[in-house]
Amino acid sequence: MSYLVLARKWRPQTFDDMTGQEHIVRTIANAIKMDRVAHAYLFCGPRGVGKTTAARLLAKALNCEQGPTASPCGTCRACIEITSGTSVDVAEIDGASNNGVENVREIRENAKYLPQRDRHKIYIIDEVHMLSGAAFNALLKTLEEPPGHVKFIFATTEAHKLPDTILSRCQRHNFRRIPAARMLQRLKQICEAEGAGISDRSLSLVVRQSEGGMRDALSLLDQVLASCGAHPTDESVAEALGAIDRTVVQDFAEALVRKDARKVLERVEEIFNRGLDLKRLAEELALQLRHLFVTKAVGEAPAELAESEQKALLALAQEADSAQLARLFDIVHGCVWDVARAAQPRLALEMALLKAIQLSPSSSIPDLLAKVDRLAQGLTAGDGAAKSQSGASGGRSGPSNFRV
Ligand SMILES: [Zn+2]
């Protein structure tokens, strides 16, 4: 049997399996139970978060031989055919390539006839925002008075491109990006079932690169397994994803907080020599400093990171001061664009990082004020004493007190 990519192999087959879209699953399951299924649904949201999967599940829920039911059996003819995309009564149409008025007219003509075998005729139109204006007008007529046996499920990443007349005739559901912690959990389950030993640290890198889309996450996981085998090191995973190893990024953050200019320059050279993208490094570093600042502000590290990373962030946040972190972030985040368009990205990055080290205060304003206060008190208290003391000791302590 040919290899089935993870995204297809692990496509949810029940509503309960859908990660991160519980708010939608609940509404739809209730509608089915109460026999209040709308005649047109609009599923909106970023790509790869489960819109088409949910559309197929809804089709199965409506047409399952045991249904209509919120938990379709998955084994009857209707369920099996919908899963494989061969059902006679469920049409999956790609709106991008069937966007003309003649395509919609064909749907309208067909919709008049009763379903061939199952309960409903269901039209799933993906990327529905790509339809032409005339096609939308033709569709509108059907949406206004749909035959009872017809259901429409539209999916789109760009709901704002749909005419209001269409929007107002659909029941709209907004799909969310899948929260990082949930996605990490799901990837761990899948890795376990697949017999792959990938560390949490590497999986959270996959999660971050997928930006909340499960399909992208699973494609990246495929890529990792294909290029590094089932038990890859963190470094090889980072390399396979074209990313920079998290430990390197954390090292950078430490060097910046500790004002270790030598280490920063050495690390930049290392990355440069390995041929990695310096703009990417600047972006990763800005993100790491953001995590550090958040950790400092809320007292705990972001949950989507691996445990070891969280520990490292917490420890480093203790060493740093909020004002310093804010400044570091400003400078590093500000340099991403400069590094991207610089004739010599390495120089731009080095200068920005050195500036960050030199210019970030190591004390906050309240700390500074407290120091000034102490200094002022010392001066008043020392007024009388200074006369009796030798000038030399006063001269030594003065400037050192001013160092901040
Ligand atoms: Zn079934």
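The values are calculated or read from the model by the stated rules, or taken from the named source; none is laboratory data. Just so we're clear, the structure is a prediction, and the values are computed from it rather than from any experiment. Neighbour counts run over all protein chains shown; Cβ positions are idealised from the backbone, glycine included.
Can you say whether residue 52 is closer than 24 Å to residue 214 by Cα, modelled with pLDDT of 90 or more and surrounded by 14 or more Cβ atoms within 10 Å (Cβ to Cβ), as far as the supplied structure shows? Yes. Would you point out the residue of region 68-111, among those that are hydroxyl-bearing (Ser, Thr, Tyr) and assigned to a loop (DSSP other than H, G, I, E, B), that is nearest to residue 130 (Cα to Cα)? That would be 97.
Could you please find all residues in region 262-302 being surrounded by fewer than 15 Cβ atoms within 10 Å (Cβ to Cβ) and either of a type in the set (S, T, N, Q) or more than 26 Å from residue 180 (Cα to Cα) (or both)?
262, 265, 266, 269, 270, 273, 274, 275
Taking the conditions (1) more than 14 Å from residue 155 (Cβ to Cβ); (2) touching a residue at least 12 places away in the same chain (Cβ under 8 Å) in turn, residue 56 satisfies each one other than (1). Once region 37-54 is narrowed to residues that are over 13 Å from residue 21 (Cα atoms) and of a type in the set (Gly, Ala, Ser), the residue that is farthest from the ligand (Cβ to nearest atom) is 40.
Of these, 207, 257, 224, which one is surrounded by 20 or more Cβ atoms within 10 Å (Cβ to Cβ) and free of Cβ contacts under 8 Å to residues at least 40 places away in the same chain?
Residue meeting the stated conditions: 224.
Of 264, 268, all but one fail to be modelled with pLDDT of 90 or more, closer than 20 Å to residue 236 by Cα and either outside any loop (DSSP other than H, G, I, E, B) or over 27 Å from the mean Cα position of the chain (by Cα) (or both); the exception is 268.
In region 77-88, of all residues being of a type in the set (Ser, Thr, Tyr) and within 14 Å of the ligand (Cβ to nearest atom), the one that is surrounded by the fewest Cβ atoms within 10 Å (Cβ to Cβ) corresponds to 84. Taking the criterion of being under 22 Å from residue 94 (Cα atoms), assigned by TED's automatic domain parsing to the domain that holds residue 170 and part of a loop (DSSP other than H, G, I, E, B), would at least one residue in region 18-36 satisfy it? Scanning region 18-36, I find no residue that is under 22 Å from residue 94 (Cα atoms), assigned by TED's automatic domain parsing to the domain that holds residue 170 and part of a loop (DSSP other than H, G, I, E, B), so the answer is no. Within region 55-76, if we keep just the residues that are hydrophobic (A, V, I, L, M, F, W, C) and crowded, with 19+ Cβ neighbours inside 10 Å, the residue that is farthest from the ligand (Cβ to nearest atom) turns out to be 55. Just one of the listed residues (91, 159, 138, 134) is of a type outside the set (Phe, Trp, Tyr), surrounded by 14 or more Cβ atoms within 10 Å (Cβ to Cβ) and either touching a residue at least 40 places away in the same chain (Cβ under 8 Å) or touching a Ser or Thr at 6+ places or on another chain (Cβ under 8 Å) (or both), and it is 159.
The residue list 347, 305, 354, 313 contains one member that is buried (at least 21 other Cβ atoms within 10 Å of the Cβ) and either in contact with a His (Cβ under 6 Å, 6 or more places away or on another chain) or in a helix (DSSP H, G or I) (or both), which is 313. Within region 221-232, is even one residue under 30 Å from residue 10 (Cα atoms), part of a helix (DSSP H, G or I), at pLDDT 90 or above and under 17 Å from the mean Cα position of the chain (by Cα)? Yes: one or more hits. Restricting attention to region 177-196, the residues that are part of a loop (DSSP other than H, G, I, E, B) and among the basic types (Lys, Arg) total 1.
Scanning region 282-313 for residues that are within 15 Å of residue 328 (Cβ to Cβ) and of a type in the set (A, V, I, L, M, F, W, C) returns 282, 285, 286, 287, 289, 292, 293, 294, 297, 313.
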